[in-house]
Amino acid sequence: DAGVIQSPRHEVTEMGQEVTLRCKPISGHDYLFWYRQTMMRGLELLIYFNNNVPIDDSGMPEDRFSAKMPNASFSTLKIQPSEPRDSAVYFCASSFSGGAVLFGPGTRLTVL
Amino acid sequence: GQQLNQSPQSMFIQEGEDVSMNCTSSSIFNTWLWYKQDPGEGPVLLIALYKAGELTSNGRLTAQFGITRKDSFLNISASIPSDVGIYFCAGPTGGTSYGKLTFGQGTILTVHP
């Protein structure tokens, strides 16, 4: 099994630019999660989907952040416009109902 | 919201030593999870605990679900250099069974050969 796939692994961009992070969950998993990790706040949940439908986006920091899941095998997290404080490692994770949450390798985002 | 407090924040040990770390919460959790994160990688699930009082092992790792449901412990026996990393406890919140996880701050483990 390939596991959760994220791209890109590293992204460096300038303030004000749009950033799109991509995720392919594990086949058969019906839950998809986006987490963010920073030194200050640790690992925090941004949003999660069940069967491609957003269930809880209360962790999304502000309107500059948006996430979509157009089908069961693909999700995006977009930041527009990006700011330096958005610099973090963004993890996508997936699970089947009642199962363990399995994380991808993460995308390290640096906003200059 | 629910918070998890891990201790210690960091540990420096010699290869071969045993390691203990714990996680506490002011709220009850119905599931406790322990993850390990290697540098540049995502967290990897080590052990999942589902019942109060449960003791579960995975190789040299042993974890316990506290009777009060407000704490959990992770022990590593006979540490080796590849045990280096950050260990996180986590628990599901918000009424979900598994996925909406709250994480502890992590315990950074360093093992000297």
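The values are calculated or read from the model by the stated rules, or taken from the named source; none is laboratory data. All figures in this text were calculated on a predicted structure; none of them were measured in a lab. Counting neighbours? That spans all protein chains shown, and the Cβs are built from the backbone with ideal geometry, glycine included.
Laid out as a table, the results:
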{"item": "Pairs where the first residue, in segment B:19-33, is touching a residue at least 12 places away in the same chain (Cβ under 8 Å) and within 13 Å of chain A (Cβ to nearest Cβ) and the second is aliphatic (A, V, I, L, M) and outside any strand (DSSP E or B), C-beta under 7 Å, 6+ apart", "result": "none"}
{"item": "Residue within segment B:76-96 that is closer than 30 Å to A:Asn50 by Cβ, in contact (Cβ under 8 Å) with a residue 60 or more places away in the chain, of a type in the set (A, V, I, L, M, F, W, C) and in contact with a Cys (Cβ under 8 Å, 6 or more places away or on another chain) present", "result": "yes"}
{"item": "Test set (1) modelled with pLDDT under 95; (2) within 25 Å of A:Thr107 (Cα to Cα) - B:Asp83 fails condition number", "result": "(1)"}
{"item": "Residue in segment A:37-52 that is touching a residue at least 60 places away in the same chain (Cβ under 8 Å), surrounded by 15 or more Cβ atoms within 10 Å (Cβ to Cβ) and within 14 Å of another protein chain (Cβ to nearest Cβ) present", "result": "yes"}
{"item": "Among the candidates B:Gly104, B:Gly91, B:Gly85, residue that is on the phi > 0 side of the Ramachandran plot and surrounded by 17 or more Cβ atoms within 10 Å (Cβ to Cβ)", "result": "B:Gly85"}
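Conditions (1) part of a strand (DSSP E or B); (2) surrounded by 15 or more Cβ atoms within 10 Å (Cβ to Cβ), marked per residue:
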{"position": "B:Gly42", "(1), (2)": "no, yes"}
{"position": "B:Gly53", "(1), (2)": "no, no"}
{"position": "B:Ala63", "(1), (2)": "yes, yes"}
{"position": "B:Arg69", "(1), (2)": "no, yes"}
{"position": "B:Leu109", "(1), (2)": "yes, yes"}
